[in-house]
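Q: Before we start, here is the structure in question, set down as structure tokens.
The values are calculated or read from the model by the stated rules, or taken from the named source; none is laboratory data. Please read all numbers here as calculations on a predicted model, not as lab measurements. Note that each Cβ is placed from the backbone with ideal geometry, even for glycine, and that neighbours are counted across all protein chains shown. Side chains are part of the model used for accessible areas, which takes the heavy atoms of the whole protein and leaves out ligands, DNA and RNA. Shrake-Rupley method; radii C 1.70, N 1.55, O 1.52, S 1.80 Å.
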Amino acid sequence: MKLILLGAPGAGKGTQAAVISERLNIPQISTGNIIRAALKSGTEMGLKAKSFIDAGKLVPDDVVIGIIKERLSEDDCENGFILDGFPRTIPQAEALDEMGIAIDKVIDIEVDDSVIVNRLSGRRVCEKCGRPYHTESLRPKVDGICDDCTGALIQRKDDHPDTVKARLEIYHTETEPLKGYYEKQGKLTVVEGQSTVDDTTVLVMKALEA
């Protein structure tokens, strides 16, 4: 099965992709991971990406698409895959279609923006050992102190409410239109994200079986 997972930052898309990957025994293909792998292996597209990254620029679509194409040609994708983080825009989706890759289903995990802002802005991480916490759902025994190493708990810049809202705005502008694109193709299924990972997984798996 060839799948695409859509969802705003913080909607739990990556976690669900990992679960599906394990249950269906197909690779989870994350754009960030394969770009890093291409950089490490020194492929032609990886070297092109490196030139942009070294210059502090975004990797352009044609290079990202080239890296995706290289990855999808590998043997482990023969029986299917899950694309997580690609496509991000309509032009990227059109390029995927032009490759002749027939996507079977597109699952969109919907979570309200206010829930996402609360979920991400509440995250804390130990500055010493990296253990994650949350101000509501995963509190330490002593406020602001890591249970494991007594390190201070900090909020990463990416998790600041203003940063989260900015990322959501970009998602709604650039990526959300993909819902309409794939709906027209009859491939879109919307899943309402639940308060727990397990409950969301149940709905995602039902959507895949439908």
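Q: Taking springs between alpha-carbon atoms closer than 10 angstrom, which of P161, P27, P140 fluctuates most in the Gaussian network model of the chain?
A: Evaluated over the chain, the most mobile residue of the options is P140.
Q: Where does segment 42-118 land on the Kirkwood hydrodynamic radius, alpha-carbon pairs, in angstrom?
A: 14.5
Q: Identify the GluC sites (Glu not before Pro) of segment 131-178 meeting these criteria: DSSP loop state and at most 11 other C-beta atoms within 10 Å of the C-beta.
A: E136
Q: Pick from T189, T15, T135 the residue whose mean-square fluctuation is largest in a GNM of the chain, springs joining Cα atoms under 10 Å.
A: T135
Q: Once you've got the Cα coordinates, tell me which of K50/K157; K165/K206; K50/K128; K2/K69; K105/K179 are over 19 Å apart.
A: Cα-Cα > 19 Å for K50/K157; K165/K206; K50/K128; rest within.
Q: If you don't mind, there's one more thing I want to ask. Suppose the Debye formula is applied to equal point scatterers at every Cα of the chain; what is log10 I(q)/I(0) at q = 0.08, 0.10, 0.12, 0.17 Å⁻¹?
A: Values returned for q = 0.08, 0.10, 0.12, 0.17 Å⁻¹ are -0.32, -0.50, -0.72, -1.28.
Q: Is segment 35-75 best put as rounded, prolate or oblate by its Cα gyration tensor, with a ≥ b ≥ c the root eigenvalues, rounded for a/c under 1.5, and otherwise prolate when a/b is larger than b/c, oblate when not?
A: Oblate shape, in that a/c is at least 1.5 and b/c is the bigger or equal ratio.
Q: Counting only protein heavy atoms and using a 1.4 Å probe, what share of the accessible area of segment 171-210 belongs to carbon plus sulfur, as a whole percent?
A: C and S fraction of accessible area: 50 percent.
Q: A further question on this structure: Which residues' amide hydrogens lie under 5 Å from the amide hydrogen of D108, considering only partners 5 or more residues apart or on another chain, with H built in the peptide plane?
A: L6, T189, V190, V191
Q: Restricting to DSSP loop positions (anything but H, G, I, E, B) with no more than 12 other Cβ atoms inside 10 Å of their own Cβ, which trypsin sites (Lys or Arg not before Pro) remain in segment 51-83?
A: Within segment 51-83, the qualifying trypsin sites (Lys or Arg not before Pro) (loop, at most 12 other Cβ atoms within 10 Å) are K57.
Q: Could I have the simple spin-label model distance between D148 and E94, label points 7 Å from Cα toward Cβ, reported in nm to one decimal?
A: Result: 4.7 nm between the two label points.
Q: Can you list which of the trypsin sites (Lys or Arg not before Pro) found in segment 129-184 are DSSP loop residues with at most 15 other C-beta atoms within 10 Å?
A: Listed in order of number, the matching sites are K141, R156.
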